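The values are calculated or read from the model by the stated rules, or taken from the named source; none is laboratory data. Nothing here was measured: the structure is a model prediction, and the numbers come from that model. Heads up, the Cβs are rebuilt from the backbone with ideal geometry, glycines too, and the neighbour counts pull from every protein chain shown. Accessible surface is based on the protein model in full, side chains and every heavy atom, while ligands, DNA and RNA are left aside. Shrake-Rupley method; radii C 1.70, N 1.55, O 1.52, S 1.80 Å.
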Amino acid sequence: MPLPHASPVAAAVLPFPGRVVPSRLALSPPHLAGVEMEALRATLESGWLAPAGPTPAAFEAALAETTGFAASLATTSGTAALHLGYRVLGVQPGDEVWAPALTFVATVAPAVQMGAVPRFLDVTPDGWGMDPALLAEELAAAARRGRLPRVVVPVDLYGQCCELDAIIAACDRWGVPVMCDSAAAMGAQQRGGRHAGQGARLAVYSFNGNKIITAAGGGALASDDPALIARARHLAGQAKEAWPHYEHETTGYAYGISSVLAAIGLAQLPVLEARVQRRRAIFATYAEALADLPGLGFIAEPGWGRANRWLTVLRVDPAGFGADREHLRRALEAAGVESRPAWKPLHLQPAFRDAPRAGGGTAAALFETGLCLPSGSGMAAADQDRVIQVVRQHARA
């Protein structure tokens, strides 16, 4: 099987008259380990395709070992894992679910679809994660109102761990569980060298095609409480009771991962550390190559953790750099390079125009200035040089 170690470099005509540029460089394409075909062949020959059999179980065991959790459940997607997490934590219509303003919609979408009310909290200007001090203030105010959240869901944004210990401490004071959205943070570390998400009541991971470890899709829910995972597993299998016929005391979902996807994920996990090191090297190259340009910056890495640098996110200050984030994005696109603005804060999304929030100015500023650069672990040095050259060409002369 040919491996996508680098994007194609053959010339391709874009829809601009008279323009010929190299093939488009993707933001974070899948990067195969080279043994996926063997794993798939063994799974297919075993006859197991459905969400059952030895391969999903082996994948879950490997996930638990990798993340340090006692138990894990592999699911069809990270969003499915979040949905199950909300369900086993007892989210009901009208409950509040708190999350950082700066995140992808999937963090709260399942809870909203269950009838919950999201409340968005601002993030810190350095690490871009949920602000623990703001969270503590808001929890105290919520306790006075008699309306604490059902669950708080911090996010390990772009593969950098949030200040999970401080968030858990704030929530423990009021008995509020924490489910950490670590969808993009496989291989990242927090205090004490613990894996991203470890310490939360539940943690969620994603194996989407653009993630640092991919199963071409899929996700996982992990916990140190095996009973929670057992409950989630029951719901993920259509909530079938242990009867010879189909008996249901509640409704569930078809959320179990297939053996085919589990086989791909299982083949990928052994290269996780190598993928982290490669993405960190890509970040370091960007940082060094652009260090002399005014008006540019990156997400700071706290001294107590290690980001996996799933995506390198550049901050563009127009006053210093000479062009704004959108101008630079369009220039990269014209050069055949995919880039993407930082997440638009959820409190600014039309779907959540009426949702309560605390702050949001920091998240809004990060959206206006943040730009995700190509960061795939299979990216060739020449491709990264292409990105760097475009950025440098648009700096103030």
Got a sec? Which of 57, 26, 52 is of a type outside the set (Val, Ile, Thr) and in contact with a helix residue (DSSP H, G or I) (Cβ under 8 Å, 6 or more places away or on another chain)?
-> 52
Hits in the range 310-338 - residues which are under 25 Å from residue 272 (Cβ atoms), in a loop (DSSP other than H, G, I, E, B) and open to solvent by less than 20 Å² (accessible area, probe 1.4 Å) = 310, 311
Considering residues of the range 126-136 that are modelled with pLDDT of 95 or more and in contact with a helix residue (DSSP H, G or I) (Cβ under 9 Å, 6 or more places away or on another chain) only, the residue most open to solvent (accessible area, probe 1.4 Å) = 133
Selection from the range 182-228 of residues that are open to solvent by 30 Å² or more (accessible area, probe 1.4 Å) and within 20 Å of residue 57 (Cα to Cα) | 208, 216, 224, 225, 226, 227
Per the filter on the range 339-360, residues in a helix (DSSP H, G or I), open to solvent by 50 Å² or more (accessible area, probe 1.4 Å) and touching a residue at least 12 places away in the same chain (Cβ under 8 Å) are 348, 351
Can you name every residue in the range 276-298 that is open to solvent by less than 10 Å² (accessible area, probe 1.4 Å) and either aliphatic (A, V, I, L, M) or touching a Lys or Arg at 6+ places or on another chain (Cβ under 6 Å) (or both)?
-> 276, 279, 282, 290
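Here is a yes/no grid of residues against (1) among the acidic types (Asp, Glu); (2) out of contact with any helix residue (DSSP H, G or I) (no Cβ under 7 Å at 6 or more places or on another chain):
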site	(1), (2)
244	no, yes
249	yes, yes
252	no, no
258	no, yes
262	no, no
266	no, no
278	no, yes
283	no, yes
If you go through the range 131-152 one residue at a time, do you hit one that is within 19 Å of residue 342 (Cβ to Cβ), without any contact (Cβ under 8 Å) to a residue 40 or more places away in the chain and not polar (S, T, N, Q)?
-> no
May I ask you to verify whether residue 395 is in contact with a strand residue (DSSP E or B) (Cβ under 9 Å, 6 or more places away or on another chain), open to solvent by less than 30 Å² (accessible area, probe 1.4 Å) and in a loop (DSSP other than H, G, I, E, B)?
-> yes
Does residue 371 satisfy being at pLDDT 95 or above, open to solvent by less than 10 Å² (accessible area, probe 1.4 Å) and among the aliphatic types (A, V, I, L, M)?
-> yes
Report yes if some residue within the range 373-381 is part of a loop (DSSP other than H, G, I, E, B) and of a type in the set (S, T, N, Q); otherwise report no.
-> yes
Filter pass, residue 254 being open to solvent by 50 Å² or more (accessible area, probe 1.4 Å), out of contact with any strand residue (DSSP E or B) (no Cβ under 6 Å at 6 or more places or on another chain), of a type outside the set (D, E, K, R) and closer than 30 Å to residue 41 by Cβ | yes
Determine, yes or no, whether residue 360 is under 30 Å from residue 97 (Cα atoms), touching a helix residue (DSSP H, G or I) at 6+ places or on another chain (Cβ under 6 Å) and not basic (Lys, Arg).
-> yes
Helices (runs of 4 or more DSSP H) (entirely within the range 28-124) containing at least 2 residues that are surrounded by fewer than 20 Cβ atoms within 10 Å (Cβ to Cβ) = 36-46, 54-67, 109-113
